[in-house]
Amino acid sequence: MKILISNDDGYQAPGLLALHDALADLGQVEVVAPEHNNSAKSNALTLHSPLYVHEAGNGFRYVNGTPADCVHIALTGYLGWRPDLVVSGINNGANMGDDTIYSGTVGAAMEGYLFGIPAIAFSQVEKGWGHLDAASARARELVQQVIAQGLDAQRPFLLNVNIPNRALPDLGPFEICRLGRRHAAEKVIPQSSPHGQTMYWIGGAGPAKDGAEGTDFHATTQGRVSVTPLQVDLTDHKSLRDWSARLERFQGVR
Ligand code: MN
C-alpha cells in the first residue's frame, strides 16, 4: 500500500503530523505538503513561478506552492511511483457544505482523484487541534477499511470527512452525508494601513443555511463523523433541458 499525504495548513501543522503517524505502519507513506499555510487555495496551481521541493528533518517534503501543486508534482514525476491512495489533512477547521469549493484540503485530495487515484480529505470541525489523537484514530480506521475492502483497487473515489473535536469515547460513528449549504460569507473587514491606504481582510464563512438531517453539518453537530463522497462534474444536469429551450429562443430572436 503506497500512500501520499498532503494538507493545506503547511508541513509543520500538527494535523499533518498526526495523520502521518496514524498511517505510517499501513504501508509506504510519503508526505509532500505546502511550505506555508494555503487554506482556501482550492485546486490552484502555480504556473508563473518555479516550485522547489525541500526535505525537512523528519523526512517530510515541502513545496513553496499550493496543496494541488504538491500533489501534482508528486504524481507527475517527483515520487517516481504511483500512490494507491492520496490523503489530505487533518485540516485545522471544518470543510463542510460550500467550504469544499474553497478548501485547499479538499483541493489536494481532488488533485489525486483527478489523476484517477482514490482520495480522502480529513478535517476537524473546530480549529485548535482539540482531541487530534481521536481524529487521527478515526482517520486510520477509515483508511484501514478502504484497504481491507480493497476499495483502493476499484473505481476511484473522493471522500470528504469531517470529524468533531471530541474524545474517542464521545465520538459517534461514521455517517454518509450530503453537503449542507452555508449562508453567504460575512462582510469584508477594512482597516487602515500604516501608509494610510485601506486594506481589506476577507471575512469569515457564513453559518449553516442548510444543516438539515442528512447533511454534514447535522451529523457533526450530533457528534458523528461525516463522510461525503464528492464528484468533480459541476454540470447542473437538471437544468440542461431548460437551458436548451432558452437557447433556442435566443436563436429565434437573432
Ligand atoms: Mn487549512
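Things to note:
- Residues that are of a type in the set (D, E, K, R) and in a helix (DSSP H, G or I), drawn from the stretch 181-234: Asp216
- Selection within the stretch 163-189 - without any contact (Cβ under 8 Å) to a residue 24 or more places away in the chain and either over 16 Å from Gln222 (Cβ atoms) or surrounded by 13 or more Cβ atoms within 10 Å (Cβ to Cβ) (or both): Ala184, Ala185, Glu186, Lys187, Val188, Ile189
- Taking the criterion of being open to solvent by 10 Å² or more (accessible area, probe 1.4 Å) and in a helix (DSSP H, G or I), the residues of the stretch 112-135 that qualify are Tyr113, Leu114, Leu132, Asp133.
- Filter pass, Tyr78 being away from the ligand (no atom under 16 Å from the Cβ) and under 22 Å from Leu234 (Cβ atoms): no
- Subset of the stretch 1-24 that is open to solvent by 20 Å² or more (accessible area, probe 1.4 Å) and of a type in the set (Asp, Glu) - its residue that is farthest from the ligand (Cβ to nearest atom): Asp21
- Each residue in the stretch 57-75 was checked for being within 16 Å of the ligand (Cβ to nearest atom), farther than 12 Å from Gly107 by Cα and assigned to a loop (DSSP other than H, G, I, E, B), and 1 pass.
The values are calculated or read from the model by the stated rules, or taken from the named source; none is laboratory data. Small disclaimer: the values here were computed from a predicted structure and weren't measured. Cβ atoms come from the backbone with ideal geometry, glycine included; neighbour counts cover every protein chain shown. Just so you know, the surface numbers come from the protein's heavy atoms only, side chains and all, with ligands and any DNA or RNA stripped out. Shrake-Rupley method; radii C 1.70, N 1.55, O 1.52, S 1.80 Å.
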